[in-house]
Amino acid sequence: MSYIQQPDVQEAVKAAVEGINGDMGALWITLSAILVFFMQAGFTLVEVGFTRSKNAVNIIMKNIMDLSIGSIMFWAIGYAIMYGDEVIAGGFFRWSSGDQGYAFFHADDWYNLFFQTVFCATAATIVSGAIAGRTKFSTYLIFSFILTAIIYPISGSWYWPFDDDAWLNTLEKSMGLPNFIDFAGSSVVHAVGGGAALVAAKLVGPRIGKYENGKVNVIPGHNMLFGALGVLILWLGWFGFNGGSQLAWGGENTVGAGSVLINTNIAAAVGAVAALFLTWIKYGKPDVSMTLNGALAGLVGITAGCGAVSQFGALSIGLICGIAVVFSIELLDKVLKIDDPVGAISVHGTCGFLGTVLIGLFATDGGLFYGGGAGLLASQTIGTLAYIGWAVITSFIVLFILKKTIGLRVSEKEEIDGLDVHEHGVSVYGKDS
């Protein structure tokens, strides 16, 4: 009769636990990806609600196509550029021979591919809201294609592979600074989308009637109920967006993911409250659209630091972003005369930038307020400016070429009548509405 030796039992138990944790991690990432997928419905509702009813079908089509085109292009090209094992041009982007499962049209770690795919689609759909109501559908599809296949994956490869070939992970070695931190994508996803949205809104130009005789005219959204439901869906989906970015489950990772979820919720809540009271003071009444954007501002802001700050840090970041989004929307709308119907540039661009930089103050490990000095603050500033700069430059090149060739904007008649009728031949509310 043979007996299993004690060390063998311990090794077997250890292997079993590791296997269970690995399976639980894959399940957690998959469920989180499903929540992020559902965020596309939230973006659609926010954009539809914050804009005119005559463009609702066009907005629905753009959001569906962002998801569809993004899913295909990131699977076919983007994933290899972002996560491939071959480092190209000194780490500017990547590709793959297929040796590690990142080959063209293929990925073995299917759950990570799915998770990263829905992040890519999120970056694309940020642009949609900023140029709603006056942009050619065909032109938008081309830009969505390029953003999801090339622009987003290249900049994503600078950090998220989490290895020494990603240059933002080597700042300590190359510049003597702490390495960059962006836990779930305030810069990688949101600032990139916000930077692209800024360029797009500027090149497309404002909606007819927005600016007349030196006056800024309010063009109200047609259904704030849709907007509110969209924000609540996005808030729900953000638990997958941030929580899933823990990329593991079990033991310390379970505790870490739980902390991320709490930080995410706190930042969203205080962002909404901050925007509500600020508009109440400024306008005499609490503004619903600004309050909704305040919640989104807190969510975007905490996305970078949700795994690096305390609950007090999350509260502070949400508060700052909830206030900043109001002033940013007013600055773009009234001073810079950039027409952004849903506030996408301010929510994702401004608060993506702020949320990334504020880690340099509030990170419990290395933050300025925790005795870490200004090094991390410098790293965060360098990283987020690199992402915004990349998005602005590449988007300008692509959109300028499109503007000079097939055009960015619909005709005046098409805009006045509504894109639904001319671009799609149907109204979302039917002929009798």
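A search for C-beta distances below 8 Å between a residue of the stretch 127-146 that is in contact (Cβ under 8 Å) with a residue 24 or more places away in the chain and under 22 Å from residue 117 (Cα atoms) and any residue that is of a type in the set (Lys, Arg) and open to solvent by less than 10 Å² (accessible area, probe 1.4 Å), counting only pairs 6+ apart in sequence or on different chains, returns 128/62; 140/62; 144/62. So which residues in the stretch 96-112 are open to solvent by 80 Å² or more (accessible area, probe 1.4 Å) and modelled with pLDDT of 60 or more? Within the stretch 96-112, 108, 110 qualify. The selection criterion, being in contact (Cβ under 8 Å) with a residue 12 or more places away in the chain and part of a loop (DSSP other than H, G, I, E, B), does not hold for residue 294. All conditions but one from (1) more than 24 Å from residue 34 (Cβ to Cβ); (2) surrounded by fewer than 18 Cβ atoms within 10 Å (Cβ to Cβ); (3) in contact (Cβ under 8 Å) with a residue 24 or more places away in the chain; (4) of a type in the set (Gly, Ala, Ser) apply to residue 284; the one that does not is (3).
Among the criteria (1) at pLDDT 95 or above; (2) more than 18 Å from residue 31 (Cβ to Cβ); (3) open to solvent by 50 Å² or more (accessible area, probe 1.4 Å), the one residue 265 does not fulfil is (2). Is at least one residue of the stretch 193-214 more than 21 Å from the chain's Cα centre (by Cα), basic (Lys, Arg) and either surrounded by fewer than 18 Cβ atoms within 10 Å (Cβ to Cβ) or closer than 30 Å to residue 362 by Cβ (or both)? The answer is no; no qualifying residue exists. For the stretch 144-193, a tally of residues being in contact with a strand residue (DSSP E or B) (Cβ under 9 Å, 6 or more places away or on another chain), among the aromatic types (Phe, Trp, Tyr) and within 30 Å of residue 423 (Cβ to Cβ) returns 0.
Considering the conditions (1) of a type outside the set (A, V, I, L, M, F, W, C); (2) in contact (Cβ under 8 Å) with a residue 60 or more places away in the chain; (3) open to solvent by less than 70 Å² (accessible area, probe 1.4 Å), residue 52 is excluded by exactly one of them, (3).
Checked against the criterion of being modelled with pLDDT of 90 or more and under 23 Å from residue 304 (Cα atoms), the candidates 51, 44, 117 yield just one match: 117.
Let's see how each residue does on (1) without any contact (Cβ under 8 Å) to a residue 40 or more places away in the chain; (2) assigned to a helix (DSSP H, G or I); (3) buried (at least 24 other Cβ atoms within 10 Å of the Cβ); (4) not charged (D, E, K, R):
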{"residue": "8", "(1), (2), (3), (4)": "yes, yes, no, no"}
{"residue": "12", "(1), (2), (3), (4)": "yes, yes, no, yes"}
{"residue": "16", "(1), (2), (3), (4)": "yes, yes, no, yes"}
{"residue": "22", "(1), (2), (3), (4)": "yes, yes, no, yes"}
{"residue": "25", "(1), (2), (3), (4)": "no, yes, no, yes"}
{"residue": "33", "(1), (2), (3), (4)": "no, yes, no, yes"}
{"residue": "78", "(1), (2), (3), (4)": "no, yes, yes, yes"}
{"residue": "94", "(1), (2), (3), (4)": "no, no, yes, no"}
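The values are calculated or read from the model by the stated rules, or taken from the named source; none is laboratory data. Every value quoted in this text rests on a predicted model; they were computed, and no experiment measured them. In this analysis, Cβ positions are derived from the backbone assuming ideal geometry, glycine residues included, and neighbour counts consider all displayed protein chains. Note: accessible area is taken over every heavy atom of the protein model, side chains too, but ligands, DNA and RNA are not part of it. Shrake-Rupley method; radii C 1.70, N 1.55, O 1.52, S 1.80 Å.
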